[in-house]
Amino acid sequence: MIRRASIPGRINILGEHTDYAGGCSLAFASQHRLILEAEFIESGVFGEETVVALWSEAGGPPARLNVSSNIPIGKGMSSSAALCLGIVLCVHGDSLDRQDACKEAQRLEHVVLGTPCGLLDQMAMMHSIEECCTLIDFSNLETSTIPCPNTWKFKLVDSGIQRTLNSEDYRQTTSEVKKKLHVREENARVHQALNSTNEQLGELMNQTHESLRMIGVSTPEVDSVVKSLQSKEGVLGARMMGGGFGGMILVLVENDSVLPQHPLLVPSKAGFIEELF
C-alpha cells in the first residue's frame with residue numbers, strides 16, 4: 001500500500017508572530033504543494049535523512065519515503081510544517097482529526113527540527129478551503145472561513161535572503177513590552193482587514209511590516225526590498241512574510257499586470273491523504 005499526502009504552502013495575510021501569544025491570523029493555503037509518498041514495506045525505513053528522522057519520531061512503520069515539493073525552502077512559506085504534516089498524515093491516515101494532526105506536526109517540528117513554532121502554519125494548511133481565507137483564533141484554536149474578495153490580489157517576491165528559523169531565536173529579538181504591543185496591534189489589524197477595501201488592506205500590511213521591524217525580526221536588506229516594492233505604481237502594500245530574517249515578501253497589487261513576472265497567488269484546498277493499492 002502507498003499513502004500519499006498532499007500539503008499546501010501557507011500564505012499569511014496578517015497576524016505574524018501572534019500564534020504562540022494567543023492572538024489571531026488571517027491566512028490561506030497557496031497553490032504550491034508538497035507531496036509525500038510512503039510505500040509500506042516489510043522492513044526498514046528508506047528516504048532522505050531528515051524525512052526518516054521525522055517518520056521515526058512519529059512512530060511510522062517500515063516504509064520507502066519519497067518527497068517532491070514546489071514550496072520554496074527557507075522562504076517563509078512553511079515548507080518544514082508541510083513536511084511534518086505530510087509525515088503525520090501518512091503515518092496515521094485518516095485516524096486523526098485535522099486539529100490533532102496539526103498538534104502532532106507541531107510536536108515533530110519542535111522535537112526533530114528544533115523550531116519553536118506555534119500552530120499558524122499547520123492550521124492554515126489543514127483548515128483552508130479553495131477561494132477562501134481562514135481566520136484563526138489561537139486563544140481557543142477556532143477557525144472561521146471567509147470568502148477571499150476578488151479585489152485582493154497577492155503576489156510573492158523573493159527577498160533573496162535565505163532564512164533558517166532554528167538558527168534564530170526569534171522570540172528573544174526585543175523586549176516583552178514591544179512584543180505585547182505588536183501582538184495587540186496585529187490582532188486589531190487582522191480584524192480590521194475583514195471589512196477592508198484592498199487599499200485599506202495594503203496599508204494594514206505596510207503597518208505590519210513596520211511592526212515586524214520594530215520587534216527585530218526583519219533585516220535592513222529585507223526592509224530595503226519592501227520599501228522599494230511599496231513605492232512601485234500599482235502596489236497597494238508589501239510586507240515580509242513568515243518568521244523573519246528573510247524569505248518571501250507578500251505584495252498586494254491592484255491587478256495582475258503589476259509585477260508581471262510574478263504569478264498571482266491562488267487560495268487553494270487543505271492538506272489531504274489518499275491511499276493507493
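Each value in this text was obtained by applying a stated rule to the coordinates, not by laboratory testing. Not measured: the values here are computed from a predicted model. Reconstructed Cβ throughout: ideal geometry from the backbone, glycine too, with neighbour counts over all protein chains shown.
Details
- Backbone phi angles across the stretch 233-241, fed through the Karplus curve with coefficients 6.51, -1.76 and 1.60 (θ = phi - 60°), yield HN-Hα couplings of 4, x, 8, 8, x, 8, 7, 5, 10 Hz in residue order; Gly and Pro are listed as x.
- Cβ-defined net charge surrounding LYS269, 11 Å radius [Lys, Arg +1; Asp, Glu -1]: -1
- A simple spin-label model places pseudo-atoms 7 Å from Cα toward Cβ; at GLU210 and LEU276 they are separated by 5.1 nm.
- SER268 long-range amide H proximity, modeled H, under 5 Å: ALA29, SER30, GLU131
- Lys, Arg +1 and Asp, Glu -1 on Cβ, resulting dipole of the stretch 173-229 about Cα centre, debye, nearest 20: 200 debye
- Charge dipole (debye, nearest 20) of the chain; +1 at Cβ of Lys and Arg, -1 at Cβ of Asp and Glu: 480 debye
- Between the stretch 104-134 and the stretch 1-53, the alpha-carbon center distance in angstrom: 7 Å
- Projecting the Cα positions of THR143, GLY243, THR208 onto the charge dipole of the chain (unit charges on Cβ atoms of Lys, Arg, Asp and Glu, taken about the Cα centre) puts THR208 furthest along the positive direction.
- Relative compactness, the chain, computed as alpha-carbon Rg over 2.2 N^0.38 Å: 0.98
- In the chain, the longest principal axis of the Cα atoms and the axis of helix 176-193 are about 90 degrees apart.
- Between the helical axis of 98-108 and the longest alpha-carbon principal axis of the chain there is an angle of about 90 degrees.
- Taking 7 Å steps out from each Cα toward its Cβ at LEU264 and GLU39 produces label points 4.0 nm apart.
- In the stretch 17-131, a dipole from Cβ-located charges (positive for Lys and Arg, negative for Asp and Glu) runs towards its positive end, and of SER128, LEU113, PHE40 it is LEU113 whose Cα lies farthest in that direction.
- Around ASP137: net Lys/Arg minus Asp/Glu count, Cβ-Cβ under 14 Å: -3
- Taking 0.36 nm per residue of separation and subtracting the current Cα-Cα distance, fully stretching the chain between GLU254 and SER95 would add 52.9 nm.
- Helix 220-230 axis versus longest C-alpha principal axis of the chain: approximately 70°, rounded to the nearest ten.
- Here is the size of the stretch 148-253 from its Cα atoms: Rg then Dmax, 13.7, 39 Å.
- Note on ASN198 and ASN66: the extension gain reaches 43.5 nm, defined as 0.36 nm multiplied by sequence separation minus the Cα-Cα distance.
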